[in-house]
Each structure stands twice: as C-alpha cells, then as structure tokens.
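The values are calculated or read from the model by the stated rules, or taken from the named source; none is laboratory data. If you're wondering where the values come from, they're calculated on a predicted model, not measured in any experiment. Glycine gets a Cβ as well: all are built from the backbone with ideal geometry, and neighbour counts include every protein chain shown. To get the accessible areas, we keep the full protein, side chains included, count just its heavy atoms, and leave off ligands, DNA and RNA. Shrake-Rupley method; radii C 1.70, N 1.55, O 1.52, S 1.80 Å.
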Amino acid sequence: LFSKLCMSCHKINNEGHEVGPNLASITNNSSESLLVSILDPNASVEAKYLSYQVSTDNGLSRNGMLTTETGSSITLLSAEGKRETILRNEIDQLQGSTKSLMPDGLERDLEPQDLADLIQFVRNGIR
C-alpha cells in the first residue's frame with residue numbers, strides 16, 4: 001500500500017520521493033496523528049508544501065509545489081520528484097492554494113484494515 005499510494009511523494013528508509021515530508025521527520029507519529037493526516041491532508045499544511053496551479057498561455061495546466069522563483073521563471077515540484085521550470089512570459093495565471101499536494105480521499109478505496117496496516121508500516125519504518 002505504501003508503494004502504491006505514498007511513495008510517489010513521501011520517503012521512508014531511503015525509498016520514495018521527497019515531495020511531501022520525509023516520514024522519518026514526523027515527530028508526532030502516533031497512529032491517531034497519522035490517520036488524521038491521511039484522512040484530512042489539508043488540516044495542517046506547512047507553507048513549503050502548499051500547492052500552486054499554473055496555466056500557460058498555450059493552454060497547459062500544471063500543479064505542484066513552488067520550489068524556485070526567479071525574475072524569468074518558476075519551478076514546480078510534483079509527484080515522483082518531477083521538476084518543471086516554466087518561463088514567466090509563458091504564464092497566463094499563477095494561483096496559490098491553501099491545500100497540500102496530497103490528495104483528499106486516499107482512504108476511499110481502502111478497507112479499515114488497509115489503513116491500519118499502512119499506519120503500522122509507516123510507524124515501524126520511522127522508529
């Protein structure tokens with residue numbers, strides 16, 4: 001489950017991608033806090049993990065965390081650590097969000113035992 005649902009954005013034990021927080025850095029790793037983070041990923045989002053949406057003048061739309069800004073470009077970081085630099089003169093709209101890149105509803109297709117197993121795996125991996 002971790003490989004399927006989490007590893008594209010989270011790293012644990014040198015596996016995965018550091019788009020979202022490295023799970024080893026979680027200081028309050030109680031089962032309850034991990035469950036809340038999964039069920040409501042937007043409850044508490046650090047500013048560096050906020051999502052941005054960019055629309056370009058040629059009709060493309062991109063979503064990611066804003067990692068770099070210069071006078072001529074911005075760089076977005078998305079799942080699997082993909083970085084994309086977009087020139088400012090190609091940006092039609094840049095809009096920040098109060099939401100995380102972590103999608104809502106990850107639990108929809110999971111049984112309660114799946115969630116329990118996932119939380120236990122993460123807790124064991126970050127000890």
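Listed values, structure above:
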item: Hits in segment 81-94 (condition: over 18 Å from residue 17 (Cα atoms), within 19 Å of the chain's Cα centre (by Cα) and open to solvent by less than 80 Å² (accessible area, probe 1.4 Å)); result: 94
item: Pairs, first in contact (Cβ under 8 Å) with a residue 40 or more places away in the chain in segment 62-74, second open to solvent by 70 Å² or more (accessible area, probe 1.4 Å), C-beta under 9 Å, six or more apart; result: 65/48
item: Test: residue in segment 17-29 that is under 12 Å from residue 119 (Cβ atoms), of a type outside the set (A, V, I, L, M, F, W, C) and either in a loop (DSSP other than H, G, I, E, B) or free of Cβ contacts under 8 Å to residues at least 60 places away in the same chain (or both); result: yes
item: Hits in segment 4-38 (condition: open to solvent by 80 Å² or more (accessible area, probe 1.4 Å) and under 22 Å from residue 111 (Cβ atoms)); result: 4, 32, 36
item: Qualifying residue in segment 71-80 (condition: open to solvent by 50 Å² or more (accessible area, probe 1.4 Å) and assigned to a helix (DSSP H, G or I)); result: yes
item: Lone unmet requirement of (1) of a type outside the set (Phe, Trp, Tyr); (2) under 18 Å from residue 6 (Cα atoms); (3) open to solvent by 70 Å² or more (accessible area, probe 1.4 Å) for residue 106; result: (3)
item: Test: residue in segment 54-62 that is within 13 Å of the chain's Cα centre (by Cα) and part of a strand (DSSP E or B); result: no
